[in-house]
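Worksheet for the structure shown next.
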Amino acid sequence: MKHLGYLRIINFFYAGFMAGTAIFVVLVVQGLWLMQFVGMTVQEVTPFHMVLSSVVSVTLLLLAWLYYKAGEIVGAARGRKLQAVLIALSIGNCPGILYAGYALWVCFIQAETVAAFGGGDSA
């Protein structure tokens, strides 16, 4: 059962990372980077930049919330479906592949945790 605790901690870490990235995107895309490094002034920042950074930030915050909820419920040996969704969403990058492999092993392969989940497809 210690692997459920580890996966819970990893989910909370990813939630914090995604939330921090969302804040960074807002600061960089909507302000500091555009004005200082690209040479755009406040008047030159188009609505497209604002909408794009807002959509990216909201998406990252939604992912952060999903990782946080997964961390809450996986610790109680529930949430395999949510964890499967996060596994699928995480495969696109190198740390995500490691996370996805470990989460897949914990939720669907490792005998002790599969038994804790009830052996079936618990939500």
| of a type in the set (Phe, Trp, Tyr) and over 13 Å from TYR14 (Cα atoms) - does that describe any residue in segment 64-85? | no
| Give me the pairs: first residue in segment 83-95 and within 19 Å of GLY71 (Cβ to Cβ), second residue modelled with pLDDT under 90 and surrounded by fewer than 20 Cβ atoms within 10 Å (Cβ to Cβ), beta-carbon distance under 7 Å, and six or more apart or on different chains, which are they? | SER90/GLY96
| Residue that is farthest from the chain's Cα centre (by Cα), among those in segment 53-68 that are crowded, with 18+ Cβ neighbours inside 10 Å and over 16 Å from ILE23 (Cα atoms) | LEU66
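Before we move on, is TYR99 surrounded by 19 or more Cβ atoms within 10 Å (Cβ to Cβ) and either among the polar types (S, T, N, Q) or touching a Ser or Thr at 6+ places or on another chain (Cβ under 6 Å) (or both)? Spell out the reasoning first.
On the way: surrounded by 19 or more Cβ atoms within 10 Å (Cβ to Cβ): yes; either among the polar types (S, T, N, Q) or touching a Ser or Thr at 6+ places or on another chain (Cβ under 6 Å) (or both): yes.
Criteria met by TYR99.
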| said: The conditions are (1) of a type outside the set (Val, Ile, Thr); (2) surrounded by fewer than 16 Cβ atoms within 10 Å (Cβ to Cβ); (3) closer than 14 Å to GLY5 by Cα, and GLY71 fails exactly one of them. Which is it? | reply: (2)
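The values are calculated or read from the model by the stated rules, or taken from the named source; none is laboratory data. The structure displayed is predicted, hence computed values, not measured ones. We place every Cβ from the backbone using ideal geometry, glycine too, and count neighbours over all the protein chains shown.
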